[in-house]
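First comes the structure, then the notes that go with it.
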Amino acid sequence: VRPSSGGPSWTQERTLVAVKPDGVQRRLIGAVIQRFERRGFKLVGMKMLQAPESILAEHYQDLQRKPFYPALISYMSSGPVVAMVWEGYNVVRASRAMIGHTDSTEAAPGTIRGDFSIHISRNIIHASDSVEGAQREIQLWFQSNELVNWADVGHHSSSYQA
Ligand code: IDP
Ligand code: MG
């Protein structure tokens, strides 16, 4: 159920979500996708890749002076990630709520981190923390021709008749 007129800036908001290497190792890609689909968001881009350090350095540029930064880059390079772009009403804020607190110990049960993770350094998933950040991160991780603009034709809604 979507607002009938929210304007493109709300209903077509996009965010970058990434299943981190520990999430891939633990076979949680499907669980993550299922939660975003179930919520009602639309998948408009997805790829698995071994993240190059150039992307990781830019992705985490704000954290470069943190003591955990080298370990963070090593963790994020330890295996493939699954990067996704999700679209929908207020998707940036909703995604942050769905993934939960950065520190898994503080993450509420029911959130992805709160359900699947116990430590801040292995917290399963990334999601952009602002609309501006999302735009920057989507451009960093995806070429524009890797994003698919597809129309909702109502197959999932009550108006569908076989
Ligand atoms: P976020 O992922 O919830 O947006 P940020 O503060 O942007 O959290 O930190 C990015 C990532 O860096 C975290 O998800 C986590 O993987 C890692 N990280 C943040 N703080 C720590 C820490 O204190 N120790 C180890 N890793 C950390
Ligand atoms: Mg962050």
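Tabulated data for the structure shown
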{"quantity": "Residue in segment 52-59 that is within 16 Å of ligand 2 (Cβ to nearest atom), polar (S, T, N, Q), more than 16 Å from Asp22 (Cα to Cα) and more than 17 Å from the chain's Cα centre (by Cα) present", "calculated": "no"}
{"quantity": "Residue that is farthest from ligand 2 (Cβ to nearest atom) [pool: residues in segment 110-132 that are of a type in the set (A, V, I, L, M) and out of contact with any Phe, Trp or Tyr (no Cβ under 7 Å at 6 or more places or on another chain)]", "calculated": "Ile118"}
{"quantity": "Criterion (among the hydroxyl-bearing types (Ser, Thr, Tyr), closer than 13 Å to Val17 by Cβ, within 14 Å of ligand 1 (Cβ to nearest atom) and at pLDDT 95 or above) met by exactly one of Ser95, Ser104, Ser121", "calculated": "Ser95"}
{"quantity": "Per-region count, segment 81-109, residues away from ligand 2 (no atom under 15 Å from the Cβ) and open to solvent by less than 40 Å² (accessible area, probe 1.4 Å)", "calculated": "8"}
{"quantity": "Residue list for segment 37-47, filter: closer than 16 Å to His126 by Cβ and exposed (fewer than 12 other Cβ atoms within 10 Å of the Cβ)", "calculated": "none"}
{"quantity": "Residue match in segment 122-134 (condition: open to solvent by 50 Å² or more (accessible area, probe 1.4 Å), over 26 Å from Gln25 (Cβ atoms) and not in a loop (DSSP other than H, G, I, E, B))", "calculated": "yes"}
{"quantity": "Selection count where residues are in a helix (DSSP H, G or I) and over 19 Å from Ser144 (Cα atoms), scope segment 12-55", "calculated": "17"}
{"quantity": "Per-region count, segment 81-111, residues within 22 Å of Ile55 (Cβ to Cβ), in a helix (DSSP H, G or I) and not basic (Lys, Arg)", "calculated": "4"}
{"quantity": "So Glu137, is it of a type outside the set (Val, Ile, Thr), surrounded by 15 or more Cβ atoms within 10 Å (Cβ to Cβ), assigned to a helix (DSSP H, G or I) and within 16 Å of ligand 2 (Cβ to nearest atom)", "calculated": "yes"}
{"quantity": "Qualifying residues in segment 56-80 (those that are free of Cβ contacts under 8 Å to residues at least 24 places away in the same chain and assigned to a loop (DSSP other than H, G, I, E, B)) - the one most open to solvent (accessible area, probe 1.4 Å)", "calculated": "Arg65"}
{"quantity": "Residue in segment 20-36 that is open to solvent by 40 Å² or more (accessible area, probe 1.4 Å), in contact with a helix residue (DSSP H, G or I) (Cβ under 9 Å, 6 or more places away or on another chain) and without any contact (Cβ under 8 Å) to a residue 60 or more places away in the chain present", "calculated": "yes"}
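The values are calculated or read from the model by the stated rules, or taken from the named source; none is laboratory data. Computed from a predicted model, the values in this text were never measured in an experiment. In this analysis, Cβ positions are derived from the backbone assuming ideal geometry, glycine residues included, and neighbour counts consider all displayed protein chains. What goes into the accessible areas is simple: the full protein's heavy atoms, side chains included, and nothing from ligands, DNA or RNA. Shrake-Rupley method; radii C 1.70, N 1.55, O 1.52, S 1.80 Å.
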